[in-house]
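For reference, the structure is listed below as structure tokens.
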């Protein structure tokens, strides 16, 4: 699958996300639309220096997980990482549209962070310590995965 570079298409992404409503039903998974947007925000916070996380994947598997990022394979449906809580996390933002706006701000922070910290590495719980190129791959696969989850093409 060819992935859109969502990190550079934030206005287009925002238009796509505005198709969501609080009643939007996922094709798979247990997150509702609002939870999914807040989940995307969290991943951007990991990649823009806002949230520091530990890597849960054993070191011996990191090369394999990062190699996946360089493929055109989609993220698997219904994959639940061990660190994701079983019970829904309460909403951080009062409504879906506000969460979408915060996501847009998080994407802007992502670009600002990497302009200044171009040689940095930020940790992802599954994929390990990543540079900007690999983070772009994470975000583009991850956003595509969740758009498809809610039937947005």
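Worth a mention:
Per-residue answers, yes or no, for (1) without any contact (Cβ under 8 Å) to a residue 60 or more places away in the chain; (2) assigned to a loop (DSSP other than H, G, I, E, B); (3) more than 17 Å from residue 107 (Cα to Cα):
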position: 2; (1), (2), (3): no, yes, yes
position: 7; (1), (2), (3): no, no, no
position: 12; (1), (2), (3): yes, no, no
position: 16; (1), (2), (3): no, no, no
position: 21; (1), (2), (3): no, yes, yes
position: 27; (1), (2), (3): no, yes, yes
position: 30; (1), (2), (3): yes, yes, yes
position: 36; (1), (2), (3): no, no, no
position: 40; (1), (2), (3): no, no, no
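- Restricting the stretch 105-153 to residues that are more than 25 Å from residue 73 (Cα to Cα) and crowded, with 17+ Cβ neighbours inside 10 Å, the residue that is nearest to the chain's Cα centre (by Cα): 106
- Of residues in the stretch 100-124 being in a loop (DSSP other than H, G, I, E, B) and in contact with a helix residue (DSSP H, G or I) (Cβ under 8 Å, 6 or more places away or on another chain), the one farthest from residue 60 (Cα to Cα): 118
- Test result for residue 69, modelled with pLDDT of 95 or more and either surrounded by fewer than 15 Cβ atoms within 10 Å (Cβ to Cβ) or under 14 Å from residue 150 (Cα atoms) (or both): no
- The lone exception for residue 53 - which of (1) under 17 Å from residue 8 (Cβ atoms); (2) touching a strand residue (DSSP E or B) at 6+ places or on another chain (Cβ under 8 Å); (3) surrounded by fewer than 18 Cβ atoms within 10 Å (Cβ to Cβ) it fails: (1)
- Qualifying residue in the stretch 137-144 (condition: within 17 Å of residue 54 (Cα to Cα) and in a helix (DSSP H, G or I)): yes
The values are calculated or read from the model by the stated rules, or taken from the named source; none is laboratory data. Since this is a predicted model, take the numbers as computed values, not measurements. Neighbour counts run over all protein chains shown; Cβ positions are idealised from the backbone, glycine included.
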